[in-house]
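Some notes on the structure that comes next.
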Amino acid sequence: MHPAFIDVHGHARQLDVLTRMLEGNRLAHAFCFSGPDRAGKLKIAERFAAAALGVPLTELARHPDVVRVVSGEDGIAIDDIRDACERLSHSAFFGKKVAIVEDVHTLRHDAQNALLKTLEEPSGSALILLLADDARSVLPTVLSRTTHLEFPQVAHDAALAFDHLRDDVHAFISLPKDQRLMRAGSLVKGDDALDEAARDAWLCALADELRRSYLPRGHSAPLRALLDAREALAMNGNPTLAFEHIALSLE
């Protein structure tokens, strides 16, 4: 798993595809991420875009090479699409232009057709990410010019998991080392043990907390340990050792 996706719950197959593209530096010029509203496709698109640009996620919102198209009260107008395509045609400031177009399933056919020329003749430095709740609402001519990845609803929605687990992971981080090790063990065995899906959601919530509390202070070791743990668990590694490794990294 690429470090960019450390706080993403579920979608292992799709994240593996994106990770291999990032690590091999072989990105397609356009993607369509489709799936239900709370499937996490926007979260994944933002992390994928930041990784492609080689910048921290916190810099994405103000990055000069990022073009965002979002739906307003009246939806997305064809002029919004034309403006985004025009901006994509300009040279990048830092190597690559990235466009994230949300709610593509709501676009009228004329607005989708306005995307076609850019999709058919992309700038060499452009990366276009189209997000749609339902791929069936995207014109076949548009969809066929993208790498299409479907993101179904996961069993434990990550956004909801963060709301419920944030207090727990914050308390875990604050514990003394010996108590943190005991708590790590109780999460994988005993009465408080989490099942596999809940365990992954807990690790994602922990990653979200670590991003905010550790990275700004220059401490990346806990996130590295967490990434190692998630990769080990994905390969049926020992859960107790994985959680203890995380607990010991929080010094």
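Being under 18 Å from ILE76 (Cα atoms) and either touching a residue at least 60 places away in the same chain (Cβ under 8 Å) or touching a Cys at 6+ places or on another chain (Cβ under 7 Å) (or both) is the filter here, so list the residues in segment 120-141 that pass it.
ILE128, LEU129, LEU130, LEU131, ALA132, ASP133, ASP134, ALA135, VAL138
Could you run through segment 16-48 and say how many residues are free of Cβ contacts under 8 Å to residues at least 60 places away in the same chain and among the charged types (D, E, K, R)?
Looking only at segment 16-48, we keep the residues that are free of Cβ contacts under 8 Å to residues at least 60 places away in the same chain, and these are 16, 19-26, 46-47.
Narrowing the set further to residues that are among the charged types (D, E, K, R) leaves 16, 20, 23, 26, 46-47.
Count: 6.
Just to be sure I understand, how many residues within segment 194-251 are at pLDDT below 80 and hydroxyl-bearing (Ser, Thr, Tyr)?
Going through segment 194-251 one residue at a time, the tally reaches 3.
Of all residues in segment 71-107, which are of a type in the set (D, E, K, R) and over 13 Å from THR118 (Cβ atoms)?
The answer is GLU73, ASP74, ASP79, ASP80, LYS96, GLU102, ASP103.
What's the number of the condition LEU149 fails, among (1) of a type in the set (A, V, I, L, M, F, W, C); (2) assigned to a loop (DSSP other than H, G, I, E, B); (3) surrounded by 14 or more Cβ atoms within 10 Å (Cβ to Cβ)?
The single condition LEU149 does not satisfy is (2).
For LEU115, work out the one condition from (1) in contact (Cβ under 8 Å) with a residue 40 or more places away in the chain; (2) in contact with a Leu (Cβ under 9 Å, 6 or more places away or on another chain) it doesn't fulfil.
So LEU115 meets the others, but not (1).
The values are calculated or read from the model by the stated rules, or taken from the named source; none is laboratory data. For clarity, every value in this text was computed on a predicted model and none was experimentally measured. As a convention, Cβ positions derive from the backbone with ideal geometry for all residues, glycine included, and neighbour counts pool all protein chains shown.
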